[in-house]
Amino acid sequence: MVQAVFERGSGARLGSGGWSQGGSRDQTIAHELAIIYALDDAERVRKFTARLQEAIGGVGVRFLRAILAEGHSFAAYAARTGKGSGDRAATDVAKRFRWLLEALTEAQHTATGATGQAIRATPQPRQVGRNATLDTLS
């Protein structure tokens, strides 16, 4: 999903833009609709990217964009950013990539986000009848 949003934000579109059978009026309307859709896409991409930045920060978003939308391999990204070349550098970049995707999954696809996942040590008392608990019944 993140890759699709990044590609959409870069202006990538499916289909061809030419050889329409309609007249000039149809082409004008199609062009105006394309502009409206592009503006709508830009706003949606901006909102989605803002949510990503809240979860993993601007540096994390730029990193994911480089890998997912700009086509950098892990090894190429490591070399480009001065992390070195070779298998170890590429492995380090791959680990960072996986970690960021896990952080996004945790932040975006849970009901309360990463910080709201409290685990209770003991079960809460169960009510029986009116305002009674198991402690008061024994």
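The values are calculated or read from the model by the stated rules, or taken from the named source; none is laboratory data. Just so it is clear, the model here is predicted, and its values are computed rather than measured. In this analysis, Cβ positions are derived from the backbone assuming ideal geometry, glycine residues included, and neighbour counts consider all displayed protein chains. To get the accessible areas, we keep the full protein, side chains included, count just its heavy atoms, and leave off ligands, DNA and RNA. Shrake-Rupley method; radii C 1.70, N 1.55, O 1.52, S 1.80 Å.
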| said: I need the full set of residues from the stretch 76-100 which are of a type outside the set (Phe, Trp, Tyr), open to solvent by 50 Å² or more (accessible area, probe 1.4 Å) and in a helix (DSSP H, G or I), in order please. | reply: Ala79, Arg80, Asp87, Arg88, Thr91, Asp92, Lys95, Arg96, Arg98
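Per-residue answers, yes or no, for (1) within 18 Å of Glu7 (Cβ to Cβ); (2) without any contact (Cβ under 8 Å) to a residue 12 or more places away in the chain:
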position	(1), (2)
Asp40	yes, yes
Lys47	yes, yes
Ala55	no, no
Val59	no, yes
Arg62	yes, yes
Leu68	yes, no
Gly71	yes, yes
Arg88	no, yes
Ala94	no, no
| request: Please state which of the following conditions Gly71 fails to meet, knowing it meets all the rest: (1) closer than 20 Å to Arg46 by Cβ; (2) modelled with pLDDT under 90. | output: (1)
| remark: Within the stretch 74-118, residues among the charged types (D, E, K, R) and modelled with pLDDT of 90 or more come out as Asp87, Arg88, Asp92, Lys95, Arg96, Arg98, Glu102
| said: Could you go through the stretch 119-131 and let me know if any residue there is at pLDDT 80 or above, open to solvent by 40 Å² or more (accessible area, probe 1.4 Å) and in contact with a helix residue (DSSP H, G or I) (Cβ under 8 Å, 6 or more places away or on another chain). | reply: no
| message | Can you tell me which condition Thr49 does not meet? The list is (1) β-branched (Val, Ile, Thr); (2) in a helix (DSSP H, G or I); (3) at pLDDT below 85, and all the others hold. | response | (3)
